1. Using amide H atoms built in the peptide plane, which far-off residues or other-chain residues are under 5 Å from residue 40 H to H?
2. Between the helical axis of 70-79 and the dominant principal axis of the chain, each derived from Cα atoms, what acute angle in degrees is found, rounded to the nearest 10?
3. Between residue 117 and residue 86, what is the label-point separation in nm under the 7 Å Cα-to-beta-carbon projection?
4. Counting only C-alpha contacts under 8 Å and six or more residues apart, can you give the relative contact order of the chain as a whole percent?
5. Using a 7 Å offset from the Cα along the Cα-to-Cβ direction at both residue 60 and residue 40, what is the distance between the two label points in nm, to one decimal?
6. From the phi of every residue in segment 14-27, what ³J(HN,Hα) in whole Hz does the Karplus formula 6.51 cos²θ - 1.76 cosθ + 1.60 yield, where θ is phi - 60° and glycine or proline is x?
7. Please list the equivalent ellipsoid semi-axes of the chain, computed as the square roots of five times the alpha-carbon gyration tensor eigenvalues, in descending order and whole angstrom.
Amino acid sequence: MRVEVKLDEVSSSFEPVPADTYNVRVDKCKQIAESKASGKPMLHWEFLITEGDFEGQRLFLDTSLQPQAMFKVKQILEACKFEWDEDGFDDTDLPGAELQVGVELSEWNSKPSNKVVEFMPIE
């Protein structure tokens, strides 16, 4: 079957967003059984920018679930105003939660990339 699309105006590479603060929505949050690097469990996050010139662009983040790194997960949950109990939280309840993120430019595999570095509630 023929696929009717106009590819002439589509970039064939990923373009990172400029370093700034963005309002985002959690689009996906999924526990990964183990990271490729450490072999330990982690969360994979996908954030969707919800307004401005980069509305619709995605930001990605992986957070470790190791005790020494849980501060970052807690920062995200607090910024989302998301509640948890003494046993944890359900990651399937996170999509749709909104927050602000601070983004920096970085490199990954020698290519420009974004790094999500700060998490704040939307006021």
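Every number here is computed from the coordinates shown, using simple stated rules; none is lab data. Note that the coordinates shown come from a computational prediction; the quantities given were computed from them, not determined experimentally. Here Cβ is always computed from backbone atoms with ideal geometry, including for glycine, and neighbour counts include all displayed protein chains.
1. 35
2. Helix 70-79 and the main axis of the chain meet at about 70 degrees.
3. 3.8
4. The normalised contact order for the chain reaches 28 percent.
5. 2.2
6. 7, 10, x, 7, x, 4, 4, 10, 10, 7, 9, 10, 5, 8
7. Listed largest to smallest, the semi-axes of the chain are 27, 18, 16 Å.
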